[in-house]
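Q: One structure, pasted below without further comment.
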Amino acid sequence: ITGDQPEPAQKQEFSERYRFICDFGAGGVGKEGKARDLVFDRVIAVKCLNETFRDNAEAIRSFIEECRLNAKLDHPSIVPVYDLGKDADGHWQVAMKFISGSSLKRFISTVRATYDKKKVNAAQERHALISRLEYFLKICAVVEYCHSLKVMHGDIKPENILMGNFGEVYLMDWGCARTFGTVPESLSGTPNYLPPEFLENKVVTPLVDVYSLGVLLFE
């Protein structure tokens, strides 16, 4: 530390370190928001359970397990986890890297609308197809990484893939992730993206994600 730079602040409690800014997304169980990390003066994402589940013991256990699994995975296409703690009201939250971009679902909808209006010539079509396949290969690469650790994502679909503003691709939502060979107590994932045999026997294998990737490629 030199000159007029202030010394870094000592570690603060989770509720004191992250100043909430706004919500920006919600799902069936959780919700996401933006906050400012007061130690490093940066905007981060915070994820927590919604009001219906935040006091549910089983939901809390699953949330913490998902955060821990996510934190163990180290890959450019997996959003880094920074911190886990409780807010001022005592509810669990996880602090993560904030990604500016949009979902693959929105991207696909935009592309389809362009094609429907026939605003793409042959050369543009080929270039666009190659670009989309490059994104798809990035998704395959992160799934291959997970499988090398014997982890199945279990819910690969356009909504769970985030595309950054600089060519990045992120595989999101690890709530359905399981270890190979296990049999979950309850079925998780999105039926249209899961192979029929998994819906019957519920045995976790890498082929569950491979099937989902096939559906994704079709879309």
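Q: Considering just Cα atoms, how many Å³ per residue does the convex hull of segment 24-138 enclose? Mind showing how you got there, number by number?
A: Details: hull volume 16.7 nm³, N = 115.
Once divided by residue count, the hull of segment 24-138 is 145 Å³.
Q: Under a 10 Å cutoff between Cα atoms, tell me which one of A71, A35, A122 has the largest fluctuation in the Gaussian network model of the chain.
A: Checking each option, the largest mean-square fluctuation is seen for A122.
Q: Going by average Cβ density within 10 Å per residue, which order do the peptides 181-194, 164-177, 146-159 take, highest to lowest? Don't jump to the answer; show the numbers that get you there.
A: Working: 181-194: 13.0, 164-177: 17.9, 146-159: 19.4.
Final packing ranking: 146-159, 164-177, 181-194.
Q: Here is a follow-up. List the lysines whose Cα sits under 23 Å from the Cα of K47, skipping any in the same chain fewer than 8 residues away.
A: K11, K31, K34, K72, K86, K97, K105, K157
Q: What lysines does K202 reach when the alpha-carbon gap must be under 17 Å and sequence neighbours fewer than 8 apart in one chain are set aside?
A: Here the lysines satisfying the reach criterion relative to K202 are K150.
Q: For S103, list long-range residues whose amide hydrogen, built 1.01 Å from N in the peptide plane, is under 5 Å from its own amide hydrogen.
A: M163
Q: From the C-alpha coordinates alone, can you work out the Kirkwood hydrodynamic radius of the chain, in Å?
A: Computed over Cα pairs of the chain, the Kirkwood hydrodynamic radius comes out at 19.2 Å.
Q: Name the aspartates and glutamates eligible as straight-distance cross-link partners of K138: C-alpha to C-alpha under 18 Å, and not fewer than 8 places from it in the same chain.
A: Of all the aspartates and glutamates, those that pass the test against K138 - Cα under 18 Å, at least 8 places apart if same chain - are D74, D155, E159, E168, D173, D209, E219.
Q: Sticking with this one: Determine the share of segment 21-71's accessible area contributed by carbon and sulfur atoms, expressed in whole percent, with a 1.4 angstrom probe. Don't skip to the end; give the middle numbers.
A: Numbers: 1500 of 2890 Å².
Here carbon and sulfur together make up 52 percent of the probe-accessible area.
Q: Per residue, how much accessible area does the chain have with a 1.4 Å probe, in Å²? Intermediate results must be reported in sequence, preceding the final value.
A: Values: 13400 Å² over 219 residues.
So the chain comes to 61 Å² accessible per residue, rounded to a whole number.
The values are calculated or read from the model by the stated rules, or taken from the named source; none is laboratory data. Everything numeric here is computed off the predicted structure, so don't read it as measured data. We place every Cβ from the backbone using ideal geometry, glycine too, and count neighbours over all the protein chains shown. These accessible areas exclude ligands, DNA and RNA; they are computed on the full protein's heavy atoms, side chains included. Shrake-Rupley method; radii C 1.70, N 1.55, O 1.52, S 1.80 Å.
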